[in-house]
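Q: So that we are looking at the same thing, I have put the structure below in structure tokens.
The values are calculated or read from the model by the stated rules, or taken from the named source; none is laboratory data. Predicted, not measured: the structure shown is a model, and the values here were computed from it. Neighbour counts run over all protein chains shown; Cβ positions are idealised from the backbone, glycine included. In case anyone asks, the SASA skips ligands and DNA or RNA and just uses the protein heavy atoms, side chains included. Shrake-Rupley method; radii C 1.70, N 1.55, O 1.52, S 1.80 Å.
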Amino acid sequence: MVNKKRIGEYLKNLRLQKIKSDGKKFTQNDLANELISNYNCDISINAIGEWEKGNSLPSPENLEKLAEIYNKTVDEILDAADKNTKNYDDIYFLSFITHYFI
């Protein structure tokens, strides 16, 4: 099941982690401008705000564009989680169990 609120928070965090060439964080206006200038996509700051609040989701086409901008996959955005992160506590625990009890 798609959790719009969680996806919205993830999108906002991705945007805030993106740093512009001047060292400042990426704003909603910066994102709108990038979508307009680089992807010929007419999107408003209000729409981006609605995505980030979890009130609506980007269209499939916009999801693909966001994935490219943030260097993520569409699945990562829809899951609101990076695929390359691992919980090493779980891995070490399973290794310990396997080594000592099996």
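Q: Take the cross-link list 18/72; 24/83; 20/53 and give me the ones stretching past 20 Å between alpha-carbons. Could you put the intermediate results ahead of the total?
A: Details: 18/72 12 Å; 24/83 26 Å; 20/53 23 Å.
Correct reply: 24/83; 20/53.
Q: Regarding the range 1-89, what are the three Cα extents along the principal axes, ordered largest first, in Å?
A: 42, 31, 19
Q: Would you mind counting up the charge near residue 38? Only other residues with Cβ under 11 Å from its Cβ, with Lys and Arg at +1 and Asp and Glu at -1.
A: Details: positive: 65; negative: 34, 68.
Combined, the nearby Lys, Arg, Asp and Glu give -1.
Q: Label residue 29 and residue 61 with points 7 Å out from Cα along Cα→Cβ: what is the distance between them in nm?
A: About 2.6 nm separates the two model spin labels.
Q: Within the set of other residues whose C-beta is less than 14 Å from the C-beta of residue 8, count the net charge using Lys and Arg as +1 and Asp and Glu as -1.
A: Working: positive: 4, 5, 6, 12, 15, 53; negative: 9, 50, 52, 79.
Around residue 8, the surrounding residues sum to +2.
Q: Over the heavy atoms of residue 73, what accessible area does a 1.4 Å probe trace out, to the nearest 10 Å²?
A: 70 Å²
Q: List the aspartates and glutamates whose alpha-carbon lies under 18 Å from that of residue 12, not counting same-chain residues fewer than 8 positions away?
A: Within the straight-line cut-off, residue 12 pairs with 30, 34, 50, 52, 64, 68, 75, 76, 79, 82.
Q: In nm, to one decimal, how far is the modelled label at residue 83 from the one at residue 20, with both set 7 Å along Cα→Cβ?
A: 3.1 nm
Q: Quick one: length gained pulling residue 37 to residue 6 fully straight, 0.36 nm per residue minus the C-alpha distance?
A: On the way: separation 31, 0.36 × 31 = 11.16 nm, distance 2.78 nm.
Length gained, residue 37 through residue 6: 8.4 nm.
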